[in-house]
1. Take I76 and decide whether it is outside any loop (DSSP other than H, G, I, E, B), within 20 Å of K367 (Cβ to Cβ) and out of contact with any Pro (no Cβ under 8 Å at 6 or more places or on another chain).
2. For the range 405-439, give me each residue that is among the hydrophobic types (A, V, I, L, M, F, W, C) and farther than 21 Å from P382 by Cβ.
3. Filter the range 225-241 down to the residues that are assigned to a loop (DSSP other than H, G, I, E, B) and open to solvent by less than 10 Å² (accessible area, probe 1.4 Å) and list them by number.
4. With the condition kept exactly as written, say whether any residue in the range 172-185 is assigned to a loop (DSSP other than H, G, I, E, B) and open to solvent by 20 Å² or more (accessible area, probe 1.4 Å).
5. Any residue at all in the range 36-43 that is over 16 Å from S103 (Cα atoms) and either at pLDDT 90 or above or aromatic (F, W, Y) (or both)?
6. From the list V206, V254, pick out the single residue that is part of a strand (DSSP E or B) and open to solvent by 10 Å² or more (accessible area, probe 1.4 Å).
7. What's the total number of residues in the range 372-399 that are hydroxyl-bearing (S, T, Y) and open to solvent by less than 30 Å² (accessible area, probe 1.4 Å)?
Amino acid sequence: MFPFLIVVLFSLSWKISDSTQPAEEFLHCLSLRFHNSSSISELVYTQHNSSYSSVLKSSTQNFRLSTPSTPTPLVIITPLHASHIQATVHCCKKHGLQLRIRSGGHDFEGLSYTTTYEVPFVVIDLLNLRSVRINVEKGTAWVESGATVGELYYEIAKRSRTLAFPAGIGHTVGVGGHLSGGGFGLLFRKYGLAADNVIDSRLIDVKERILDRKSMGEDLFWAIRGGGGSSFGVVLAWKLNLVAVPAIVTVFTVSKTLEQNATKLVHRWQYIAHKLPKEIHMSIGISRVKSNENEKMTIQASFRAVFLGSIDELLPLMEEKFPQLGIVKEDCFEMGWAESNLYSTQFPIGVPLETLLNGNRKSILSKLFFKAKSDYVKQPIPETTFEGLWPKFYKEEAKSAIMVFVAYGGKMDEILETETPFPHRAGNLYSISYVVDWEEEENKNSEKFMSWIRRIHNYMTPYVSKSPREVYVNFRDLDTGTNEINDKENSHEQAKIWGIKYFKNNFDRLVHVKTMIDPENFFRHEQSVPPLPCLLKKGANSNSLGSL
């Protein structure tokens, strides 16, 4: 193994010259712990490796975080087995290297594959750990963290037209990050979040142990289902409870401009959508478009829905609950549940189901330069507020901007805030996502786009949740605050600034779990849950979670 190792070490290139020795030591450590030397050449990529760049960019989704000035990892590990992850954790600990864990690369701030700390770090990319095993008879699935949501849906649909899983619509999103942050999608009003339907998992902790639900205990199992798995370890795989859906679902998209009464329809939607039957997922996408009549700019609101039932069942329901929208049979299309996810990401009707397996094609919020934010709405927003919002979309930097409203209610009103770390349950009418994107040639002026979305976010402040202003952790936003790189004494207070926005009162429990499972804070990044030093000084037992 050592001749190969020497080649690797001499070919190593790292931007921080002082890290050459740690790199050599780290790779030597790996060579001793990997079971055979050939696996290093196949699974370990240094910056000088010819495939390094393609591996790094393969699942990088936000190109804002993939520029020549973006810090890049010292080494990328693409494990084939749990033992490769255990070796990487061991060697990172031994040689003082930070570790980032990537499952799909959709982290909005790129914390799974870059850093703002300017320190040498290693990335574990789970791209090779993507198996999906479906048990139709039991209605369960085991899925590895490196699989995409699309791969999961495809494997389910191949085996059953009446089973599904309530995760998100982005087919290129990695299962690992998605589930560990909560994960909402077309079925969450009926069945809750993806994290609500996880029934077991396998995780490698800081001691390199492989734990399942029984051995990790209920507190750690609670924490990784919505609290961000990368704060606590490396989640290898998830056991999922599959849910029942009809063989046929109905979808529609109806778009209205300001000239077609869009403002009043959006305002009215707020009073209706969260009260609709659980079987309906309703959202609104708001953006600027050219008017068909005179080619002038206007604002368009696109009302989208997926209904677990037929057209004949949907039409009378919409006529009763939301007649102002004027849904007619010609607006509606019937298809399978898996296909409805593709429809919801604006793929043409009729694309093959195999499109779910295509990780290279652009989908919503992938392969773009973008900045995103989120909010939760608890009281209907006044019509005049929308009227004041629309002109902001006529700014040059808002040409590709969009706001998306997603109705809550249904099952989400029935699950306690404390059931998982994801607290945004009863009392929310809908969530808002804000996104602005731009082209590569515009990236040198990226600050004007960032400034626009921050102004929009500020404008909405009086009308959204307060104390705290709630944010969805899977729509990560570093504007909410960050941890200092090495400040153990103040880490809890710094983290609480952003932590209560993501997790509300669940943040304190997450901190307690972190303190027990990773007291030295090995698994850390700019928005990771910190341990609480004062608990450790009082003699907390890091081997036991049972006292929590």
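The values are calculated or read from the model by the stated rules, or taken from the named source; none is laboratory data. Here the structure is a predicted model, which is why all the values come from computation and not from measurement. Cβ: placed from backbone, ideal geometry, glycine included. Neighbour counts: every protein chain shown. Ligands, DNA and RNA are excluded from the accessible area calculation, which covers all protein heavy atoms including side chains. Shrake-Rupley method; radii C 1.70, N 1.55, O 1.52, S 1.80 Å.
1. On the way: outside any loop (DSSP other than H, G, I, E, B): yes; within 20 Å of K367 (Cβ to Cβ): yes; out of contact with any Pro (no Cβ under 8 Å at 6 or more places or on another chain): yes.
The answer is yes for I76.
2. Filtering the range 405-439 down to residues among the hydrophobic types (A, V, I, L, M, F, W, C) leaves 405-407, 412, 415-416, 422, 426, 429, 432, 435-436, 438.
Selection gives M412, I415, L416, F422, A426, V435, V436, W438.
3. Residues of the range 225-241 that are assigned to a loop (DSSP other than H, G, I, E, B), as a first pass: 225-228, 232-233.
The answer is G226, G227, F232, G233.
4. If we filter the range 172-185 for residues that are assigned to a loop (DSSP other than H, G, I, E, B), which is where we start, we get 172-173, 182-185.
Filter again for open to solvent by 20 Å² or more (accessible area, probe 1.4 Å), leaving 173, 184.
Looking for residues that are assigned to a loop (DSSP other than H, G, I, E, B) and open to solvent by 20 Å² or more (accessible area, probe 1.4 Å), one finds at least one in the range 172-185, hence yes.
5. Step one: list which residues in the range 36-43 are over 16 Å from S103 (Cα atoms), which gives 36-42.
Narrowing the set further to residues that are either at pLDDT 90 or above or aromatic (F, W, Y) (or both) leaves none.
No, that holds for no residue.
6. On the way: V206 fails: part of a strand (DSSP E or B).
That would be V254, the only listed residue that is part of a strand (DSSP E or B) and open to solvent by 10 Å² or more (accessible area, probe 1.4 Å).
7. Residues of the range 372-399 hydroxyl-bearing (S, T, Y): 374, 376, 384-385, 394.
Subsequent filtering for residues that are open to solvent by less than 30 Å² (accessible area, probe 1.4 Å) retains 374, 376, 385.
Count: 3.
Listed here are the residues, each with its yes/no results for (1) among the acidic types (D, E); (2) touching a residue at least 60 places away in the same chain (Cβ under 8 Å).
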residue: T384; (1), (2): no, no
residue: E387; (1), (2): yes, yes
residue: K399; (1), (2): no, yes
residue: I402; (1), (2): no, yes
residue: K411; (1), (2): no, yes
residue: E414; (1), (2): yes, no
residue: T418; (1), (2): no, yes
residue: P423; (1), (2): no, yes
